[in-house]
Amino acid sequence: MERVADRTNIETHYSVPRAQTVAGISHLQSVFYYRDVVPDLLIRWKYNGMVELTDIIAYWETHNCEVSYSYDLVTIIPCHWRRRLIRGFDHIWLLANALAKQGLIQTPVKTLQHSKPLPFLHLQAASDRHIDPDHFRTVRSVKDKRILIIDDVITSGATLSAAAAVLKREGALEVSALTVATSREVLLPASRTRV
């Protein structure tokens with residue numbers, strides 16, 4: 001498994017500059033590339049109900065990412081209620097709470113809600129993926145807050161971009177993201193910088 005962020009040297013962390021990142025996201029960190037065994041691991045966790053992988057994934061993120069505590073609010077890209085009902089859990093909510101328990105982030109707060117079912121983007125080519133910012137709505141005030149969003153995988157960036165757009169429209173000062181994996185090598189910076 002090739003890691004995006006390597007924490008073997010505490011001085012070395014990857015941060016994606018605004019110009020190379022997803023629209024609306026100030027900083028983006030991912031632990032792994034979405035290839036090799038990572039897709040299988042995430043499929044088992046997300047779709048096959050292997051929630052016991054949550055703490056392992058949280059451990060990897062905790063030991064391979066550095067998150068600034070300058071965020072006012074940590075939230076997630078939530079599962080739509082229908083998917084949560086079918087699966088029996090929201091894997092990102094579990095991960096965010098595990099990350100908080102391990103001390104990487106503050107306790108997450110449910111801030112975003114789907115206003116309609118999220119399309120199955122993984123069935124579409126990355127260039128065809130789009131989510132309207134009206135897809136999400138906020139369920140609490142985000143005015144003048146710096147927000148960190150937790151998600152599992154970034155492929156096209158459509159979901160994070162839509163979430164960031166609604167958060168900024170509602171008054172958020174800055175939106176950053178922490179994901180388990182990225183399939184977008186182009187997002188990696190040319191140099192390593194501290195987040």
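Worth a mention:
Conditions tested, residue by residue: (1) crowded, with 22+ Cβ neighbours inside 10 Å; (2) part of a strand (DSSP E or B); (3) touching a helix residue (DSSP H, G or I) at 6+ places or on another chain (Cβ under 6 Å); (4) modelled with pLDDT of 90 or more.
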{"site": "H122", "(1), (2), (3), (4)": "no, no, no, no"}
{"site": "H130", "(1), (2), (3), (4)": "no, no, yes, no"}
{"site": "D134", "(1), (2), (3), (4)": "no, no, no, no"}
{"site": "V142", "(1), (2), (3), (4)": "yes, no, yes, yes"}
{"site": "V175", "(1), (2), (3), (4)": "yes, yes, yes, yes"}
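- Count of residues meeting criterion [under 13 Å from the mean Cα position of the chain (by Cα) and part of a loop (DSSP other than H, G, I, E, B)] in segment 72-92: 3
- Residues located in segment 28-47, provided they are part of a loop (DSSP other than H, G, I, E, B) and surrounded by 12 or more Cβ atoms within 10 Å (Cβ to Cβ): Y34, R35, Y47
- The single residue among L104, L95 that is in contact with a Ser or Thr (Cβ under 6 Å, 6 or more places away or on another chain) and in a loop (DSSP other than H, G, I, E, B) turns out to be L104.
- Pairs, first within 12 Å of T75 (Cβ to Cβ) in segment 140-162, second among the basic types (K, R) and part of a loop (DSSP other than H, G, I, E, B), C-beta under 9 Å, six or more apart: R140/K110
- Enumeration of residues in segment 128-163 that are of a type in the set (A, V, I, L, M, F, W, C) and more than 11 Å from the chain's Cα centre (by Cα): I131, F136, V139, V142, I147, A158, A162
- Within segment 153-181, the set of residues being within 20 Å of Q106 (Cα to Cα) and among the small types (G, A, S) comprises A163, A164, A172, S176, A177.
- Among the residues of segment 55-78, the one identified as over 18 Å from Y33 (Cα atoms), without any contact (Cβ under 8 Å) to a residue 60 or more places away in the chain and touching a Leu at 6+ places or on another chain (Cβ under 8 Å) is P78.
- Segment 64-80, residues that are at pLDDT below 95 and among the β-branched types (V, I, T): V67, I77
- Residue list for segment 48-71, restricted to those being in a helix (DSSP H, G or I) and hydroxyl-bearing (S, T, Y): T54, Y59, T62
The values are calculated or read from the model by the stated rules, or taken from the named source; none is laboratory data. No experiment lies behind these values; they were computed from the predicted model shown. Note: ideal-geometry Cβ built from the backbone for every residue, glycine included; neighbour counts use all protein chains shown.
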